[in-house]
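What follows is one structure encoded as structure tokens, with my remarks underneath.
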Amino acid sequence: MTLQNRKIIILGGTSGIGLAVAKAAAAEGARIVVASSNPARVADALATLGGSASGQSLDLTDEEAMKAFFEETGAFDHLVYTAGEALQLAPLDGTDLATARRFFELRYWGAFSAAKHAHRLIRPGGSIVFTSGVAGMRPGPGWSVAASICSAMEAMTRALALELAPLRVNIVSPGVVKSPLWRDMTTEARDALYEAEARRLPVGHVAEPQDIASAYVYLMNQTYATGQTLVVEGGGLLV
Ligand SMILES: NC(=O)c1ccc[n+]([C@@H]2O[C@H](COP(=O)([O-])OP(=O)(O)OC[C@H]3O[C@@H](n4cnc5c(N)ncnc54)[C@H](OP(=O)(O)O)[C@@H]3O)[C@@H](O)[C@H]2O)c1
């Protein structure tokens, strides 16, 4: 299998991991469509991708907008969902429930709605690849909301692998990745996080987005894996 001439829609494909997936798939000859909420970010991503890539601004928490997007898109081969926002981590006692519920909107319900409105358009042999994170398996104190979203995404992946079969549905679970997701931290705090992770990880360094992108490309090219979580965390779960 190859991604040559395959049409791949990457929701959240304008930054970080999603943009790296777009670049890696384009390098295999895929036709890329990216979507995210900020028009300037979509334009920047398209300038980076060049070639035949196309894109659209789309708020993935808006189900009607999602439905309209896929009605316009027509048939395609693979759906990748990497959209996410920086989560504010808070201890249980300090968690406002309305805020906590809102965090599910993009990363969980956005992915759910994407699968709902896209799956009939995916051609035979295609797949869906979602995104979670190792916080679901190795949370720290204050990570209850983020960990819950990750594990809910992995459970949804297994359920949809059955419900949408023979369409394959898989998910990538990254550890810490050097991406714009961490932009709200101070430079000092971010550098300290990366340095501590690099010291802790068996691989000795923190992932760049392209280190994770290859896992998405693998799951798209694969023909037999479904319902699986591919953990790409530099060995962080072992230590
Ligand atoms: N980076 C890490 O360390 C890490 C670790 C584990 C898991 N993850 C997960 O991996 C996924 C990708 O993260 P990343 O590091 O690539 O983050 P990123 O660089 O911040 O990219 C996030 C993407 O989501 C889009 N997005 C945000 N809100 C949106 C909305 N309402 N509608 C449509 N698109 C929206 C952003 O574009 P716009 O701003 O244009 O909307 C951007 O393209 C996330 O789910 C994240 O939680 C990341």
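Here the helices (runs of 4 or more DSSP H) wholly within region 133-239 that include at least 3 residues being on the phi < 0 side of the Ramachandran plot, in contact with an Asp or Glu (Cβ under 9 Å, 6 or more places away or on another chain) and more than 11 Å from the ligand (Cβ to nearest atom) are 209-221.
Only one of the numbered conditions (1) under 25 Å from Ala207 (Cβ atoms); (2) at pLDDT 95 or above; (3) more than 10 Å from the ligand (Cβ to nearest atom) is violated by Glu72, and that is (1).
Every listed requirement among (1) free of Cβ contacts under 8 Å to residues at least 12 places away in the same chain; (2) under 21 Å from Val177 (Cα atoms); (3) aliphatic (A, V, I, L, M) is met by Ala83 save one, (1). Name the residues in region 1-27 that are in a helix (DSSP H, G or I), on the phi < 0 side of the Ramachandran plot, surrounded by 17 or more Cβ atoms within 10 Å (Cβ to Cβ) and of a type outside the set (D, E, K, R), would you? Answer for region 1-27, where residues must be in a helix (DSSP H, G or I), on the phi < 0 side of the Ramachandran plot, surrounded by 17 or more Cβ atoms within 10 Å (Cβ to Cβ) and of a type outside the set (D, E, K, R): Ile17, Gly18, Leu19, Ala20, Val21, Ala22, Ala24, Ala25, Ala26.
Residues of region 28-53 that are assigned to a loop (DSSP other than H, G, I, E, B) and surrounded by fewer than 18 Cβ atoms within 10 Å (Cβ to Cβ): Glu28, Gly29, Asn38, Gly50, Gly51, Ser52. Note on region 162-196: residues that are more than 25 Å from Gly12 (Cα to Cα) and surrounded by 12 or more Cβ atoms within 10 Å (Cβ to Cβ) amount to 2.
Consider Leu230 carefully, then state whether it is buried (at least 17 other Cβ atoms within 10 Å of the Cβ), more than 22 Å from Met153 (Cβ to Cβ) and touching a helix residue (DSSP H, G or I) at 6+ places or on another chain (Cβ under 6 Å).
The answer is no for Leu230.
The values are calculated or read from the model by the stated rules, or taken from the named source; none is laboratory data. Given the structure is predicted, the values throughout are model-derived calculations rather than measurements. All Cβ positions, even for glycine, are placed from backbone atoms using ideal geometry, and neighbour counts span all protein chains on display.
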